Amino acid sequence: MPVSLRVLVSTDSAYPPTTPISVNSSSPTRISTGKFEGEISVWVKDFHGEGAGGDGSEYFDKRSGMTYGIVVRGKFLDAPTADEVVFGNVFERPIRDSLPWGTAVAVKFMNWVDPTLELDIYADKPWALSPAMASMSNVSFGERSTSAWVDEQSKGEVGVESPDEKGEIAARRKWFGVEKNRQSVKLDKEVGMEFANGLLDFNTLSATLPPPFHLSVPLLRYWDGQPVTYVCRRRSKSPVTADGVYWSVGFEIVDEEAKAELEKRGGSVLPLEGDSSKSGAPLQKDAAGGGNEEEDEGVD
């Protein structure tokens, strides 16, 4: 049976994401976080949950084989280099005691797919982040499109000619996988970013890795009450902090049956609203006060 979800995004405050979004909607949601101005759309195949805005066919007819997609278009207001912008998942509470069997295989797979990935899943506030321009499924630079997806338009930045979109994507990922190349590109123009895959099914909360890994994990069995949160942020010594975040998206379980099962296991839900009276663990900024980007040295 599908698990009921709610999807939230950052609109004025970059992190945590607190604004419910209409999923599978042809009308993007405007975001203005102080560091990023633009729009965002979230697509979930066969979405079951709050805020369904359509069946998603206009996106998934183009993205065959994908189970979800995050599409963002806009401008980074502080004009960072491509090396300074990272994207991935962050968590507010430890997950080391609820990691499923096969985690080591999954990490090996992620590093195989994305060699630029850095992570610490055993930290008190776990994270997994990669240079955004290398890890995104599709990237465009320049004029904003109105399509539900992002057409790859990156060869002007990477200087590599490719005969088709698939080759252009591979060339962009390889080129932005090199630190000195990322440092040479200023993100001072309109950027389109799309992150999508078919490995994670948000309706059944299961993950399936393709050959040669052959692994399927029922994630709901290991759910510890936290949302799945994606952030696009500036590199920082403290990856899980509100300071330096450009935008964020959270997938939150609102399924009462799933919550009841969690409580039977002694767990509690951590709401994205950051209400410490409900969660017992408020969303925190950098312990040192945060906000001093001149001292940020990169992801540990």
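The values are calculated or read from the model by the stated rules, or taken from the named source; none is laboratory data. This one's a predicted model, so the numbers in the text were calculated from it and none came from an experiment. Counting neighbours? That spans all protein chains shown, and the Cβs are built from the backbone with ideal geometry, glycine included.
Details
- The residue list SER162, SER184, SER154, SER147 contains one member that is buried (at least 21 other Cβ atoms within 10 Å of the Cβ) and of a type in the set (Ser, Thr, Tyr), which is SER154.
- Residue-level check: of (1) buried (at least 21 other Cβ atoms within 10 Å of the Cβ); (2) at negative phi; (3) touching a residue at least 60 places away in the same chain (Cβ under 8 Å); (4) not β-branched (Val, Ile, Thr), GLY74 misses just (2).
- In summary, LYS180 fulfils each of the numbered conditions (1) among the charged types (D, E, K, R); (2) free of Cβ contacts under 8 Å to residues at least 40 places away in the same chain; (3) under 26 Å from TYR59 (Cα atoms) with the single exception of condition (3).
- Matching residues in the stretch 165-181 - criterion: being of a type outside the set (D, E, K, R) and surrounded by fewer than 16 Cβ atoms within 10 Å (Cβ to Cβ): GLY167, ALA170, VAL178
- Among residues of the stretch 41-62 being of a type in the set (Ser, Thr, Tyr) and part of a helix (DSSP H, G or I), the one that is surrounded by the fewest Cβ atoms within 10 Å (Cβ to Cβ) is SER57.
- Residue within the stretch 110-118 that is surrounded by fewer than 18 Cβ atoms within 10 Å (Cβ to Cβ) and among the β-branched types (Val, Ile, Thr) present: yes
- Search result, residues across the stretch 109-147 that are within 30 Å of VAL217 (Cα to Cα) and assigned to a loop (DSSP other than H, G, I, E, B): ASP114, PRO115, THR116, LEU117, ILE121, TYR122, ALA123, ASP124, LYS125, PRO126, MET136, SER137
- For the stretch 208-222, a residue qualifies if it is hydrophobic (A, V, I, L, M, F, W, C), more than 18 Å from VAL254 (Cα to Cα) and at pLDDT 85 or above, and the qualifying residues are LEU209, VAL217.
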